[in-house]
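For reference, the structure is listed below as structure tokens.
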Amino acid sequence: MTLTPEQRAALEADRTKQNTLRVARTLLTKEEFARLHKSHREVTLTQMAGPMIGAIVVVVAMLVAGEHTDTVLVYGGGALLIGSLLWMLAIPRVTGQLWRDYQSWYRSGAGAEELYALFGR
């Protein structure tokens, strides 16, 4: 499937504005966009979940620690910081394969045919 001149102009304009999902919404069917958006949400929510759970664990440990709250805060805070960094770097490589493929296509500036190939068209 080739793009009309209007679609191609809209694609280039959206790419320059960094409107990642708008480009997908313009070029994909509703079902394909729903799959892509689900993959995007999966990555986003998974990235946020790790640090949030870690913060809750540190707070609960501080409440339970009693007089050792300062020790828990120092070591727990350090572990939370390092763990969150590793989590944020690792999770996008584990979840959301479709979103990663779409981002690669988006950054490469390839045509719509390559995008449609991601969805098996």
- Query: How do V43, V72, V57, V64 rank by accessible surface area computed with a 1.4 Å probe, from largest to smallest?
  - Reply: V64, V57, V72, V43
- Take the solvent-accessible surface of the protein heavy atoms, probe 1.4 Å, and return the percent of it on segment 36-80 that carbon and sulfur atoms account for. 74 percent
- Item | Mean-position separation - Cα centroids, segment 33-95 and segment 106-121, in angstrom | 33 Å
- In the chain, which whole DSSP H runs stretch at least 24 Å along their own axis (Cα) and average 0.0 or higher on the Kyte-Doolittle scale? 30-65, 69-94
- Got a number for the accessible area of I53? Probe 1.4 Å, square angstrom, nearest 10. 100 Å²
- Message: Let me cross-check T4: its accessible surface, 1.4 Å probe, with only protein heavy atoms counted, in Å² to the nearest 10?
- Response: 60 Å²
- Query: Any idea of R121's accessible area? Nearest 10 Å², probe 1.4 Å.
  - Reply: 120 Å²
- Over segment 54-112, average the accessible area per residue using a 1.4 Å probe and give it in Å², no decimals. 65 Å²
- Task: In debye, nearest 20, what is the charge dipole magnitude of segment 8-121 about its Cα centre with +1 on Lys and Arg Cβ and -1 on Asp and Glu Cβ, if you could check?
- Result: 540 debye
- Note on the structure: Computed over the chain, the relative contact order (Cα-Cα under 8 Å, seq sep at least six) in percent reads 32 percent
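The values are calculated or read from the model by the stated rules, or taken from the named source; none is laboratory data. Note that the coordinates shown come from a computational prediction; the quantities given were computed from them, not determined experimentally. Every residue, glycine among them, receives a Cβ derived from its backbone with ideal geometry; neighbour counts consider all protein chains shown. Accessible surface areas use protein heavy atoms only, side chains included; no ligands, DNA or RNA. Shrake-Rupley method; radii C 1.70, N 1.55, O 1.52, S 1.80 Å.
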